[in-house]
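None of the figures in this text is laboratory data; all of them are computed from the coordinates on show. This one's a predicted model, so the numbers in the text were calculated from it and none came from an experiment. Neighbour counts are summed over all protein chains in view; Cβ atoms, including those assigned to glycine, are modelled from backbone coordinates with ideal geometry.
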Amino acid sequence: MKGIVFTEFLDLVEDKFGIEMVDKIIEQSKLNSDGVYTAIGTYKFSEMLQLLENLSKNTGISTDDLLLVYAEHFFTVLEESYPGLLATYKDPIEMLSSIEDHIHVEVKKIYPDAELPTFLVEEKSENSLIMLYKSSRAMHHFGLGLMNKTFEHFNSSAKIVLEKIKSDGTEVRFIINKN
Ligand code: HEM
């Protein structure tokens with residue numbers, strides 16, 4: 001997992017819960033990195049999982065809810081870091097249906113070692129989209145947060161329903177209907 005995902009995560013934890021919480025979750029986790037991350041580095045996903053799980057234990061907020069809020073923050077980072085990529089799109093459904101074949105393809109060019117999910121478009125119309133998410137990382141709520149923000153970015157909104165295909169969350173169907 002790319003370092004930027006860790007640095008932005010810890011910044012948000014500091015913002016919302018204070019620097020003591022950052023220190024606490026780092027101490028409670030077994031991290032090869034010792035909790036020291038650079039934006040361009042690459043670290044084990046298991047480190048993110050431990051940080052999330054410890055934050056969840058300490059705050060009583062589920063890891064899914066934490067990932068949802070984190071994704072909403074991460075979208076603003078993407079807006080600032082990759083304005084050109086976002087400017088390619090005029091419509092949220094067009095953008096979301098292009099993650100697999102365009103957006104994440106570009107991400108792979110920038111970060112060849114990025115670990116990205118698969119998004120398979122099952123059905124698409126002007127105002128609706130059904131996509132299948134597949135990833136061993138089961139970060140579907142991170143996807144949900146990014147999708148919510150994608151609609152907001154285009155001054156729009158949508159009803160998004162998640163249907164778990166596998167109970168461990170490694171395969172999830174997103175049913176998206178523009179409001
Ligand atoms: C992960 C970039 C848009 C879904 C990531 C990662 C990067 C990235 C750098 C981390 C990879 C790693 O740590 O190795 C971008 C950029 C985008 C974009 C630059 C747009 C300009 C989106 C959108 C979605 C999305 C709109 C909506 C669903 C995900 C998910 C992950 C991810 C779910 C977590 C990894 C996983 O589930 O396996 N993306 N992304 N991305 N991205 Fe994107």
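Where a ≥ b ≥ c are the square roots of the eigenvalues of the C-alpha gyration tensor, would you call region 37-81 rounded, which needs a/c under 1.5, or, failing that, prolate if a/b is larger than b/c, or oblate? Working shown, then result.
On the way: a/c = 3.02, a/b = 1.27, b/c = 2.37.
Oblate.
Partners of Lys166 within straight-line reach, counting lysines whose Cα lies under 19 Å from its Cα and excluding those fewer than 8 residues away in the same chain: Lys134. Karplus-based coupling profile of region 101-110, in residue order and whole Hz: 8, 10, 4, 6, 5, 5, 4, 4, 5, 6, with θ = phi - 60° in 6.51 cos²θ - 1.76 cosθ + 1.60 and x standing for Gly or Pro.
Kirkwood radius and radius of gyration were both taken over the C-alpha atoms of region 3-61, and their ratio Rg/Rh is 0.92.
Each Lys and Arg contributes +1 and each Asp and Glu -1, all at the Cβ; summed about the Cα centre of the chain, the dipole is approximately 380 debye.
Volume per residue of the convex hull around the Cα atoms, evaluated for the chain, comes out as 116 Å³.
Let's see if you can work this out: charge +1 on each Lys and Arg Cβ, -1 on each Asp and Glu Cβ, no other charges. What is the dipole magnitude of region 1-82 about its Cα centre, in debye to the nearest 20?
Charge dipole, region 1-82, about its Cα centre: 320 debye, nearest 20.
About its Cα centre, region 81-156 has a charge dipole of approximately 200 debye under the convention of +1 per Lys or Arg Cβ and -1 per Asp or Glu Cβ, with nothing else charged.
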